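Down below is the structure, laid out as structure tokens.
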Amino acid sequence: MLRNRVTQANTVVQAGLVHQINTSAWKVPGSQGKQYLITHRSGEKARMRCDLDTGHGLQDCKGNVNGHVCRHILTVLIFRAKMSGENNSRGMLGKHHAKVSLQKMSEDKKGVKNPFYGKQHTEKTKREIGKKGIGNDRSAKLYPAFYNESTNEYIPGGQNLIKMCRKHGLNSNKLHAIKLKMRKQTREGWRLATPEEKREVIYRWYEEG
Ligand SMILES: [Zn+2]
């Protein structure tokens, strides 16, 4: 599903997991430490190329058969579009500009790049954002990523706890309580996700579908 792939690619870009090697080469992660090398070759018909870097040489990425474009190339295309958008603020396709981007822009000014759903907000930036009146809406408060050990479910961090809880059929008070108690579990098995869990979950999900 292309739409799914675009969401996946966007998440990987947002999480700052695309590594630009030079102006025509990028690395994109896979699960279990895999890496994909994407190169841009201006002289060739198929301009973007993707190889799996096994650590002992390169293998053709299997996603590019029969004219298909693999998720790794798609990710790099989105990454490049985002970068050129950032270099030219008029390039912002500004529908959701308001809350998310205001926050993002203020982070960029502080030199904090690639926030992943706000997980990198320190208590200080949170307070500052609050003071500026961005995110004053209580329902739009930032929340961290949650992980459920018993069901292996994962909820990425985000901005609207109440909305997210409604979507997942969860009790928002309970999740708020975990957030306050840090790493303690609810009876249902929910707790705060560790940074490693966050990354591995993104990688695995990224390779699905
Ligand atoms: Zn690929």
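Quick one: which residues, 5 or more positions from Lys141 or on another chain, have an amide H under 5 Å from its amide H? H modelled 1.01 Å from N in the peptide plane, none for Pro or chain starts.
Answer set, sorted by chain and number: Leu161.
I want the local charge near Thr186. Using Cβ-Cβ distances under 13 Å, sum +1 for each Lys or Arg and -1 for each Asp or Glu among the other residues.
Working: positive: Lys174, Lys179, Lys181, Arg183, Lys184, Arg187, Arg191; negative: Glu149, Glu153, Glu188.
Spelling it out: positives minus negatives among the neighbours equals +4.
Would you mind ranking Ile78, Ile162 so that the residue whose beta carbon has the fewest other beta carbons within 10 Å leads the list? Walk me through the intermediate numbers first.
Values: Ile78 18, Ile162 15.
Listing Ile78, Ile162 from fewest to most nearby Cβ atoms yields Ile162, Ile78.
May I ask for the equivalent-ellipsoid semi-axes of segment 142-208, computed as the square root of five times each C-alpha gyration tensor eigenvalue and listed largest first in whole Å? Display every interim value, and only then the final one.
Details: eigenvalues 70, 36, 25 Å².
The three semi-axes for segment 142-208 are 19, 13, 11 Å.
Which entries in the list Lys141/Lys174; Lys34/Lys179; Lys34/Lys82; Lys27/Lys62; Lys34/Lys167; Lys141/Lys181 go over 21 Å, if you measure between the two C-alpha atoms of each? Numbers along the way, then the final one.
Working: Lys141/Lys174 15 Å; Lys34/Lys179 32 Å; Lys34/Lys82 24 Å; Lys27/Lys62 16 Å; Lys34/Lys167 32 Å; Lys141/Lys181 17 Å.
Pairs exceeding 21 Å: Lys34/Lys179; Lys34/Lys82; Lys34/Lys167.
Shape of segment 2-86 from its Cα gyration tensor (a ≥ b ≥ c, root eigenvalues): rounded if a/c is under 1.5, otherwise prolate when a/b > b/c, or oblate? Please list the in-between numbers first.
On the way: a/c = 1.27, a/b = 1.15, b/c = 1.11.
The shape class here is rounded.
Would you mind ranking Asp51, Asp60 so that the residue whose beta carbon has the fewest other beta carbons within 10 Å leads the list? It would help to have the intermediate numbers written out before the result.
On the way: Asp51 17, Asp60 12.
The fewest-first ordering by Cβ neighbours comes to Asp60, Asp51.
Which whole-number percentage describes the relative contact order of segment 142-208, with Cα contacts under 8 Å and a sequence gap of 6 or more?
Values: 75 pairs, mean separation 22.7, N = 67.
Relative CO of segment 142-208 lands at 34 percent.
Computed from the coordinates by the stated procedures, all read-outs in this text should not be read as laboratory data. Bear in mind the structure is a predicted one, so any value in this text is a computation, not a measurement. Note that we place each Cβ from the backbone using ideal geometry, even for glycine, and neighbour counts take in every protein chain shown.
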